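Worksheet: the structure to be examined is printed underneath.
We did not get these values from a lab; they are worked out from the coordinates using the rules stated. What you see is a predicted model, and the numbers here were worked out from it, not measured in a lab. Cβ atoms come from the backbone with ideal geometry, glycine included; neighbour counts cover every protein chain shown.
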Amino acid sequence: MIGGAGSCQTIKVKVDASWKASFKGVIGWVAWNEMRDTCFEESGRIRAESPLQAKALGVRRVLEWARSSGILRLEVSSDCLQLLKQWAGTESAHHQIRGVIANITMMSNFFHYLCFSYISRGLSKRAHDLAYRVMRI
């Protein structure tokens, strides 16, 4: 079991997304527990208007998964510093992602602990590879 009301375990997730052309995006993410065991990974296609929107939709998808899995403590890492700054309010939200940021903010209230952090692309390689695997299909 990864989540549940009795779980105080923090699940860590690395998420990446890519965008090839209008409305053609992919996401990939991997989640693991405090014992460093991979507990879930996913990749899939999404409809996005830009690379930034694809990244935002990837983060939102991770929060949806965590919520439906009963996870209460979550750390999400992304290589998109622009997205993280816009979610934190240090930069004005781009019109393509305002609604997604509003969704992320609303969903964040569900968690007892939620942390977003920036990581370099090299550290998100596994999530990046999952996303690109779907793009090649």
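Collect residues whose amide H, placed 1.01 Å from N in the peptide plane, falls under 5 Å from the amide H of residue 116; neighbours closer than 5 in sequence don't count.
76
So what's the angle, to the nearest 10 degrees on a 0 to 90 scale, between helix 125-136 and the longest Cα principal axis of the chain?
50 degrees
So for the chain, what percent of the C-alpha to C-alpha distances run longer than 18 Å?
51 percent
About the Cα centre, and with charges only on the beta carbon of Lys, Arg (+1) and Asp, Glu (-1), how big is the dipole of the chain? Nearest 20 debye, please.
My answer is approximately 360 debye.
What is the angle, in °, between the Cα long axis of helix 98-108 and the longest principal axis of the Cα atoms in the chain? Nearest 10 is fine, range 0 to 90.
For helix 98-108, the angle is close to 0 degrees.
Could you rank the peptides 68-81, 48-61, 109-122 by their average count of other C-beta atoms within 10 Å per residue, with the highest value first?
48-61, 68-81, 109-122
When the label point is put 7 Å from the Cα of residue 119 along its Cα-to-beta-carbon vector, which residues of the range 11-31 have a backbone N closer than 20 Å?
11-19, 26-31
Taking the Cβ-Cβ separation of residue 36 and residue 98 as r and a Förster radius of 25 Å, what is the calculated FRET efficiency to the nearest 0.05?
0.10
What is the distance, in nm, between label points placed 7 Å from the Cα along the Cα-to-Cβ direction at residue 110 and at residue 75?
2.1 nm
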